[in-house]
Amino acid sequence: MDGTVDTRYWRFCAWMGPLFVLVFFVCWGLLGHNFPPFTPDTPASVVAAYFRENAGSVRLGMVVAMTFAPAYGVWGYSIAKVLEQVIDKDNILVQLARVGAAWTTITVLVPTSFWLTAAFRPEALPDWMIQMLYDMAWLLIDLAYAVTSVQLFALGIGFLADKRKVPLVPKWLAWYGIWVGFMFILECVMPYFRNGALARSGVLNFWIEFLIWMVWVPLLTVYAIKAIGRIERGE
Amino acid sequence: MTTLAANAPHLSASPAELPGDSGVWFFIVADMCAFAVFFLVFMVGRAADPALYEASRQMLDLRFGLANTLILLTSGALMAQAARDARRGAFQRARQMMIAALIAGLPFGLSKALEWQAKFAHGLTLTTNEFFTYYFVFTGIHFLHFAIGLVVLIMLQKVAVDDRMPTATRLRWIEAGGAYWHMVDLLWIVLFAMLYLLRAA
Amino acid sequence: MRRAHAKRPIPVALVWALLVLASIAGFALAEGFAAPHVAASVAIVLAAVKIHLVFGQYMELGWAHQPLRSVLAVWLAVVTLILLVGYWSA
């Protein structure tokens with residue numbers, strides 16, 4: 001706000017967000033058979049057979065996904081730097097936006113290690129154990145939604161406070177983030193269902209929940225990159 | 001009608017004007033689209049198993065559905081009046097109307113609690129069948145919107161008479177909060193028709 | 001008709017009365033005062049009319065901001081179709 005903001009590395013860090021989404025989609029999603037996931041009522045033998053037959057590609061997928069998990073946190077920190085140009089850096093919303101991103105990294109990293117465990121020696125594990133690891137990973141990654149909601153709400157409320165004539169992040173996008181954080185609440189009922197729209201593979205709790213979040217990241221990145229240019233010009 | 005329009009030019013915003021706040025409107029439209037997906041999921045499920053849905057529907061008490069509708073429509077009317085008062089510059093009266101809207105809306109919470117309690121007492125829960133899954137999830141999420149709406153109304157009645165705020169800003173927030181509150185009405189209108197009123201042959 | 005009340009605010013009390021009447025009518029039909037298919041279809045149409053009134057009058061869009069009005073009109077058309085087609089295809 002004194003006109004000389006050090007924005008070095010901000011852009012690089014901001015691009016980590018879309019990169020994370022892309023890598024996560026390909027490695028965790030496609031290679032790991034998580035996009036879409038096995039429906040919870042899939043027989044254990046089917047899940048186990050997939051892990052045994054594709055252990056190599058699942059391992060590769062999870063290793064790369066784990067390597068890139070921190071990219072989400074790095075991205076979140078760069079967005080929080082942009083937020084500091086909207087509200088005071090001592091404002092708790094900035095800290096919450098950061099910590100929400102950092103926590104999200106953990107909630108991606110830990111369940112990914114469960115899928116990796118299932119693929120580590122699947123030939124030696126009973127079917128039910130592979131199914132359990134698969135379930136456990138999904139229960140964690142979905143039910144950790146509230147951690148990401150902290151980031152979504154903090155960024156949304158923070159960016160709405162922008163007094164610029166043209167805000168750094170448009171109001172609609174701030175509200176979109178708040179809405180995504182709010183929508184995540186549907187995950188609360190996910191553990192009650194083994195099929196249907198509300199199951200982990202269902203239209204509501206998988207397709208909508210994951211897509212609205214995965215769209216939010218690149219959208220916010222586009223505006224953050226523009227915002228960095230404006231911050232450098234002293235706007 | 002002509003007389004009314006002539007007498008109320010202050011009520012007419014220009015065609016380009018958006019009542020309330022564009023960001024809040026974005027949230028409202030996004031939320032309404034999410035509910036449209038809920039409605040689609042429900043109707044697809046219903047088409048696949050109409051007998052189950054009809055048998056389950058008959059376990060609902062239509063009187064609760066109607067009471068909830070009337071409560072929300074009444075509260076919505078008071079909120080609509082508040083926004084019109086605010087547009088005329090009568091912020092004190094707008095505040096009174098919003099407090100009335102809040103009081104008129106509260107019984108919705110009570111009615112919902114009684115209705116859910118009766119369902120639980122009959123052993124009907126989230127996992128009873130697909131109909132009751134959607135019934136509890138959709139009305140539960142709708143209830144969450146209602147609860148947030150109450151908080152919004154409590155904040156708005158303060159905003160209405162906050163002299164530190166420019167009147168244009170106060171009007172914008174009253175209209176934005178009002179639009180949200182009306183979304184709660186209108187989503188219930190669909191839920192009422194869809195869950196309670198679709199009698200199968 | 002649509003243009004007529006799209007342009008002008010109707011007194012809130014009158015809007016409320018119309019909404020209440022439509023709600024009670026839908027309820028009475030569902031309670032068995034008409035053949036099921038008629039009752040359900042009318043209930044859906046009544047809901048659409050009520051929502052049109054809420055958009056236009058409660059939300060104050062009837063006389064302002066064409067783009068948003070169009071978006072909400074599309075939403076209403078889609079939702080009404082979902083209910084009608086869903087009901088009749090069962």
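The values are calculated or read from the model by the stated rules, or taken from the named source; none is laboratory data. Remember, it's a predicted structure, so these values are computed and weren't measured experimentally. Neighbour counts are summed over all protein chains in view; Cβ atoms, including those assigned to glycine, are modelled from backbone coordinates with ideal geometry. The accessibility values were calculated without ligands, DNA or RNA, using every heavy atom of the protein model including side chains. Shrake-Rupley method; radii C 1.70, N 1.55, O 1.52, S 1.80 Å.
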Quiz prompt | Every residue from the stretch A:165-217 that is over 20 Å from the mean Cα position of the chain (by Cα) and either of a type in the set (Gly, Ala, Ser) or not in a helix (DSSP H, G or I) (or both) | solution = A:Lys165, A:Val166, A:Pro167, A:Leu168, A:Pro170, A:Phe193, A:Arg194, A:Asn195, A:Gly196, A:Ala197
Practice problem: Consider B:Val41 carefully, then state whether it is without any contact (Cβ under 8 Å) to a residue 40 or more places away in the chain and more than 8 Å from chain C (Cβ to nearest Cβ). | Solution: no
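Please enumerate the residues belonging to the stretch C:58-74 that are of a type in the set (S, T, N, Q) and more than 8 Å from chain B (Cβ to nearest Cβ).
Selection gives C:Ser70 alone.
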Exercise. Would you be able to tell me the number of residues in the stretch A:30-51 that are surrounded by 17 or more Cβ atoms within 10 Å (Cβ to Cβ) and under 16 Å from A:Leu116 (Cβ atoms)?
Key: 9
Quiz item: In the stretch B:97-118, how many are within 14 Å of chain C (Cβ to nearest Cβ) and open to solvent by 10 Å² or more (accessible area, probe 1.4 Å)?
Solution: 3
Quiz item: Picking from B:Leu60, B:Leu52, which residue would you name as being closer than 16 Å to C:Ala43 by Cβ and more than 7 Å from chain C (Cβ to nearest Cβ)?
Solution: B:Leu60
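This table checks each residue for (1) of a type in the set (Asp, Glu); (2) closer than 30 Å to C:Ala90 by Cα; (3) under 17 Å from the mean Cα position of the chain (by Cα); (4) surrounded by 20 or more Cβ atoms within 10 Å (Cβ to Cβ).
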{"position": "B:Phe120", "(1), (2), (3), (4)": "no, yes, no, no"}
{"position": "B:Thr128", "(1), (2), (3), (4)": "no, yes, no, no"}
{"position": "B:Thr133", "(1), (2), (3), (4)": "no, yes, no, yes"}
{"position": "B:Gly149", "(1), (2), (3), (4)": "no, no, yes, yes"}
{"position": "B:Asp162", "(1), (2), (3), (4)": "yes, no, no, no"}
{"position": "B:Pro166", "(1), (2), (3), (4)": "no, no, no, no"}
{"position": "B:Ile174", "(1), (2), (3), (4)": "no, no, yes, yes"}
{"position": "B:Ala179", "(1), (2), (3), (4)": "no, no, yes, yes"}
{"position": "B:Ala193", "(1), (2), (3), (4)": "no, yes, yes, yes"}
Quiz item: Can you name the number of the only condition in (1) among the polar types (S, T, N, Q); (2) closer than 25 Å to C:Gly56 by Cα; (3) assigned to a loop (DSSP other than H, G, I, E, B) that B:Thr128 fails?
Solution: (2)
Quiz item: Which of the residues spanning the stretch C:36-57 are open to solvent by 20 Å² or more (accessible area, probe 1.4 Å) and either of a type in the set (Lys, Arg) or facing chain B (nearest Cβ under 8 Å) (or both)?
Solution: C:Pro36, C:His37, C:Leu46
Quiz prompt | Looking only at the stretch A:218-235, and only at residues there that are open to solvent by less than 60 Å² (accessible area, probe 1.4 Å) and without any contact (Cβ under 8 Å) to a residue 60 or more places away in the chain, the one that is farthest from the chain's Cα centre (by Cα) | solution = A:Gly229
Quiz item: For the stretch B:78-97, which residues satisfy the criterion of being under 20 Å from the mean Cα position of the chain (by Cα) and in contact (Cβ under 8 Å) with a residue 24 or more places away in the chain?
Solution: B:Leu78, B:Met79, B:Ala80, B:Ala82, B:Ala83, B:Arg84, B:Ala94, B:Arg95
Exercise. Considering only the stretch B:16-66, state which residues are among the hydroxyl-bearing types (Ser, Thr, Tyr) and either buried (at least 18 other Cβ atoms within 10 Å of the Cβ) or under 28 Å from C:Ile24 (Cβ atoms) (or both).
Key: B:Tyr53, B:Ser56
Quiz item: Would you call A:Val74 under 14 Å from the mean Cα position of the chain (by Cα) and not polar (S, T, N, Q)?
Solution: yes
Quiz item: Quick one: which of A:Phe184, A:Phe193 is open to solvent by 20 Å² or more (accessible area, probe 1.4 Å), at pLDDT 95 or above and within 14 Å of chain B (Cβ to nearest Cβ)?
Solution: A:Phe193
